[in-house]
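Input: a single structure, listed below in structure tokens.
The values are calculated or read from the model by the stated rules, or taken from the named source; none is laboratory data. No experiment lies behind these values; they were computed from the predicted model shown. All Cβ positions, glycine included, derive from the backbone under ideal geometry; neighbour counts span all protein chains shown. Accessible surface areas use protein heavy atoms only, side chains included; no ligands, DNA or RNA. Shrake-Rupley method; radii C 1.70, N 1.55, O 1.52, S 1.80 Å.
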Amino acid sequence: MRVEIAGEPQRGDRPTEDFVASSGDAFVLLDGCSAPVAMENGCEHGTAWYVRRLGVHLLARLVDRPDRTMAQCLSDAIAETASLHGARCDLSHPNTPAAMVVAARGHGSALQYLVLGDSQLVLDRDGSFAVIGDNQPFPAGEPLRRQVHAATHGSPERASLHMRYALAVRAARNTGHGPWVAAALPRAAEHAETGSAPLGELRAFAALTDGAARFVDRFDLGGWPDAMRLMDQRGAAEVIRRVREAEGQDPTCARWPRSKGRDDATVLYARLR
């Protein structure tokens, strides 16, 4: 298996809130749940810290505990990471650091996978593509999200609407009334999308955070077959380069409405044969 990883932070003056790692026949890709700077989260560590530690614990679980299901491994990793916070962190805070998760591992003759949130896993079965992910919609927040996109980029109105939307998401997530994400509640793992695919049928697979998946989902620079071919022929970084080029052409988010002009973007591409 040939594995290639590429990533770029939203801004050069702040750490990425994405995390990606691979070990043997297992890999994890996490996308931290960002929030407006003014929003408290009850944690002294922050999202980047949380994402790195959850990613490391999850990768270790996937490798060391083949007897545990993918969802059980994520549940264990969430609990282990929560124990690292310390008494000064309020894990009951609705904005406690959280992440979207993609994970996979070779298990016998199959690739087992798990996706929770709006990151995506793409499976290439010799030209037939399956896309797993973006599986935690929040329909109740859609009207407010559209108002955010319609407001003038950089305006006080847009900032106010963005805060209202972020507060609505935080109040609903991991409650059964909104999206499920990996935060401090281990049972959130039960809501991940899981499955398996025969390794013999797979030519390649890729995992992308939503900042990189904009290539297809937001900017329509090509379909998933185009994105996978681009990664195979020119490398994972080329997808991110083209996303950045599109973002640069639309700095006010007018042509392609979106919450953030730029986002952390991370890709893992694995070629099996």
- Query: List, please: which pairs have Cβ atoms under 6 Å, are six or more places apart or on different chains, and start with a residue in region 103-119 that is over 19 Å from E201 (Cα atoms) and end with one that is of a type in the set (D, E) and surrounded by fewer than 19 Cβ atoms within 10 Å (Cβ to Cβ)?
  - Reply: V115/E193; D118/D134
- Query: When only residues in region 109-120 that are touching a Pro at 6+ places or on another chain (Cβ under 9 Å) and part of a loop (DSSP other than H, G, I, E, B) count, which is least open to solvent (accessible area, probe 1.4 Å)?
  - Reply: G117
- Taking region 1-13 as the search range and keeping residues that are of a type in the set (A, V, I, L, M, F, W, C) and touching a helix residue (DSSP H, G or I) at 6+ places or on another chain (Cβ under 8 Å), which one is surrounded by the most Cβ atoms within 10 Å (Cβ to Cβ)? A6
- Query: Can you pull out the residues in region 140-165 that are more than 14 Å from R258 (Cα to Cα) and in a helix (DSSP H, G or I)?
  - Reply: A140, G141, P156, E157, S160, M163, R164
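Listed here are the residues, each with its yes/no results for (1) closer than 23 Å to D90 by Cβ; (2) in a strand (DSSP E or B); (3) modelled with pLDDT of 95 or more; (4) open to solvent by 80 Å² or more (accessible area, probe 1.4 Å).
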site: P15; (1), (2), (3), (4): yes, no, no, yes
site: P36; (1), (2), (3), (4): yes, no, no, no
site: M39; (1), (2), (3), (4): yes, no, no, no
site: E44; (1), (2), (3), (4): yes, no, no, yes
site: Y50; (1), (2), (3), (4): yes, no, yes, no
site: V63; (1), (2), (3), (4): no, no, yes, no
site: Q72; (1), (2), (3), (4): no, no, yes, no
- Test result for V181, touching a residue at least 24 places away in the same chain (Cβ under 8 Å), under 30 Å from Q147 (Cβ atoms) and among the β-branched types (V, I, T): yes
- Within region 216-233, is even one residue in contact (Cβ under 8 Å) with a residue 40 or more places away in the chain, closer than 30 Å to D126 by Cβ, of a type in the set (K, R) and touching a Phe, Trp or Tyr at 6+ places or on another chain (Cβ under 8 Å)? yes
- Looking for whichever is buried (at least 22 other Cβ atoms within 10 Å of the Cβ), at pLDDT 95 or above, of a type in the set (V, I, T) and within 30 Å of G223 (Cα to Cα) here; the options are V131, V102. Which one fits? V102
- Item | Matching residues in region 251-271 - criterion: being over 23 Å from P15 (Cβ atoms) and among the β-branched types (V, I, T) | T252
- Item | Members of region 64-102 found to be touching a helix residue (DSSP H, G or I) at 6+ places or on another chain (Cβ under 6 Å) and of a type in the set (S, T, Y), listed by number | S75, T81
